[in-house]
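Asks: Just passing along the structure, written as structure tokens.
The values are calculated or read from the model by the stated rules, or taken from the named source; none is laboratory data. What you see is a predicted model; the values in this text were computed from it and never measured. Glycine also receives a Cβ, built like all others from the backbone with ideal geometry; neighbour counts cover every protein chain displayed. Heavy atoms of the whole protein, side chains included, go into the accessibility calculation; ligands, DNA and RNA do not. Shrake-Rupley method; radii C 1.70, N 1.55, O 1.52, S 1.80 Å.
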Amino acid sequence: MSSSQADSDDRIIRESGIDARIAIIVEPVLRGMRFRLVRVRLSGQHGLTLQIMAEREDGTMTVEDCEEVSRAISPALDVDDPIEKAYHLEVSSPGIDRPLVRTSDFVTWTGHLVKLETSVLITDRKRFKGKIAEADADGILLERDKAAYGEEPTVRIPFDAIVEAHLVLTDDLIREALSRDNRARKEAKKHRGDVDAAEETEAEK
């Protein structure tokens, strides 16, 4: 990924190999539509499936949004043709137990349970499960879910060491995710109403 492409994509957890090539193709298309790329994953399950996970800037993603994104990125993928074999394109929302790929994701979901994996050993481990106690520009403070004997109850994990992270489904997470989604949809509906009203006023002139 070039420096200009990296600057346009604020994710701290990115793809490698063919997935990274695909991300470079689809990310500018998504950005132009005011969507954010969450993750690209090419898998061999049920044939070859290309999953593009995306969301709007407010964190919402409807079925209609998925269809819109699919129609927009298909031509770009056809032109660059990064995948040699036939594949099925699947555009989806991040879901409630979503991957965390931006620093803002960790800040947003502070207080919730996560599973993550690091590229290097931190306190003799590479895999962690716990609640995000704090998140700043450099990393997170994780409250271990079940600290082993002799382990500190918290561990500081820098962002540049995290290779994968996702929320763990809990009742608290479901409640907050649904609440956030409802608020975002109400704000979006309110905004669309303001735009529609402005357009009607303009048309009456």
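Asks: Please sort by residue number the GluC sites (Glu not before Pro) in region 124-171 whose DSSP state is loop and whose Cβ has at most 13 other Cβ atoms within 10 Å.
Replies: Counting only loop positions with at most 13 other Cβ atoms within 10 Å, the GluC sites (Glu not before Pro) in region 124-171 are Glu151.
Asks: Round to the nearest 10 and give me the degree value, 0 to 90, for the angle of helix 17-32's Cα axis relative to the longest principal axis of the chain.
Replies: Here the helix axis deviates by roughly 50 degrees.
Asks: So, for the chain, what is the accessible surface per residue at a probe of 1.4 Å, expressed in square angstrom? Mind dumping the intermediate values first?
Replies: Values: 12300 Å² over 205 residues.
Accessible surface, normalised per residue, equals 60 Å².
Asks: Of the options Pro153, Leu121, Gly59, report the single residue whose Cα projects farthest towards the positive end of the charge dipole of the chain (beta-carbon charges: Lys, Arg +1; Asp, Glu -1).
Replies: Pro153
Asks: Of Trp109, Ser92, Ser74, which is farthest towards the positive pole of region 1-117's charge dipole, taken about the Cα centre with +1 and -1 on the beta-carbons of Lys, Arg and Asp, Glu respectively?
Replies: Trp109
Asks: Non-local amide H neighbours of Val38 (under 5 Å, H modeled in plane, Pro and chain starts lacking H): which ones?
Replies: Those lying under 5 Å, H to H, from Val38 are Met53, Ala54, Glu55.
Asks: Determine the sum of side-chain charges near Glu134: Lys and Arg each +1, Asp and Glu each -1, restricted to other residues whose C-beta is under 11 angstrom from that of Glu134.
Replies: Every neighbour counted, the sum reads -1.
Asks: Looking only at Gly32, Gly150, Gly95, which one moves most when the chain is put into a Gaussian network model with springs between Cα atoms under 10 Å?
Replies: Gly150
Asks: Beyond 17 Å, how much of the Cα-Cα pair distribution for region 7-76 remains, as a whole percent?
Replies: The proportion of pairs with Cα distances above 17 Å equals 40 percent.
Asks: Now a separate question. Under a crude label model (7 Å from the Cα following the beta-carbon direction), how far is Ala137 from Ile174 in nanometres?
Replies: 3.9 nm
Asks: Using Cα atoms only, what is the angle between the long axis of helix 171-204 and the major principal axis of the chain, expressed in degrees (0 to 90) to the nearest 10?
Replies: That helix lies at roughly 20 degrees to the long axis.
Asks: DSSP loop (so not H, G, I, E, B), at most 11 other Cβ within 10 Å: list which trypsin sites (Lys or Arg not before Pro) in region 76-179 pass both filters.
Replies: Details: sites: Lys85, Arg102, Lys115, Arg125, Lys126, Arg127, Lys129, Lys131, Arg144, Lys146, Arg156, Arg175; in loops: Lys85, Arg102, Lys146.
Passing sites in region 76-179 are Lys85, Lys146.
Asks: Ignoring any ligand, DNA or RNA, what whole percent of the accessible area of region 65-120 comes from carbon and sulfur when the probe is 1.4 angstrom?
Replies: Values: 1310 of 2750 Å².
Carbon and sulfur: 48 percent of the exposed surface of region 65-120.
Asks: Return the equivalent ellipsoid semi-axes of region 54-146 as a descending list in whole Å, where each equals the square root of 5 times an eigenvalue of the C-alpha gyration tensor.
Replies: Values: eigenvalues 218, 61, 26 Å².
Working from the Cα gyration tensor, I get semi-axes of 33, 18, 11 Å.
Asks: Right, something else. Placing unit charges on C-beta atoms (Lys and Arg positive, Asp and Glu negative, everything else neutral), compute the dipole magnitude of the chain about its Cα centre in debye, rounded to 20. Show your work: numbers first, answer last.
Replies: Numbers: 31 positive and 42 negative charges, 127 e Å.
Computed about the Cα centre, the dipole is about 620 debye.
Asks: Just round it to a whole percent: the fraction of Cα-Cα distances in the chain exceeding 26 Å.
Replies: 44 percent
Asks: With a cut-off of at most 10 other beta carbons within 10 Å, and DSSP calling the residue loop, which GluC sites (Glu not before Pro) in region 19-115 qualify? Please list them.
Replies: Glu57, Glu84
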